[in-house]
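Down below is the structure, laid out as structure tokens.
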Amino acid sequence: MVIAMRICLFFRHPYTSKVPYILSLSLILLGFTFMSNESQARGIIDQQAPAWGVTEWVQLPAGKTSLDITDFKGKVIYLYCFQSWCPGCHRRGFPTLQEVLKNFEKDPEVVFVAVQTSFEGHQVNTFERAKEVAAQYNLKIPVGQSGSLGKKSTLMQQYRTGGTPWTIIIDKQGVVRYNDFHIASEEAMTLMNKLKTEKSVF
């Protein structure tokens, strides 16, 4: 029933083409969850990365009480957006995050951040559940919560993310270089290694 509702919400427009129908149906079958908003293109790219606007955090660096894009000037950033109940996040997103994280875990030029961008199931996709998921995957990186019942996710709005799992990769200049649904680990590592070679303006 949930799947049927998502299909109806996304394809209710009579002029929706068959291509997005097939693509979006494939995403559903893969376990991805997405928002319905046909009026706005998804994923800003090659633009200056906006502020995240996340106020709830766990596992912050020592001495920090909050975190945002400006805290990582001159770094390559891998920002992973998830929901605790998203099947695709557990099947693909988190395993990819772990693989890429392991590859760069001792690299001072690269940082990893995970944020639960909750846009549905707010009673389930809570900050407490996000912390449990972080422990489940033994993540030692900052984990935040963006979005709750009655309050839309600022991060999702700022980056025009389309659902979960969603990956954002930001270069040393603070420019968004990848902003889309799940990325393969090899593709992510190749891009991040390339971004590491670029000079920082900071």
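All of the numbers you see were taken from the coordinates with simple rules; none came from a lab. Values in this document were obtained by computation on a predicted structure and should not be read as measured data. Positions of Cβ are generated from backbone atoms using ideal geometry, with glycine treated the same way; all protein chains shown enter the neighbour counts.
Laid out as a table, the results:
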| item | result |
| --- | --- |
| Residue-wise HN-Hα coupling along the range 87-102, computed from phi with Karplus coefficients 6.51, -1.76, 1.60 (Hz; x: Gly, Pro) | x, x, 5, 7, 6, 10, x, 5, x, 5, 4, 4, 5, 5, 4, 4 |
| Dipole magnitude of the range 37-197 about its Cα centre (Cβ charges: Lys, Arg +1; Asp, Glu -1), debye to nearest 20 | 140 |
| For the range 146-156, Karplus couplings with θ = phi - 60° (6.51, -1.76, 1.60), whole Hz, Gly/Pro x | 9, x, 7, 4, x, 9, 5, 5, 5, 4, 4 |
| Share of pairwise Cα separations in the range 57-161, more than 23 Å, in percent | 24 |
| Nitroxide proxy distance, nm - points 7 Å out along Cα→Cβ at residue 59 and residue 47 | 2.9 |
| Length gained when the stretch residue 197-residue 152 is fully extended (0.36 nm per residue, less Cα-Cα span) | 12.6 nm |
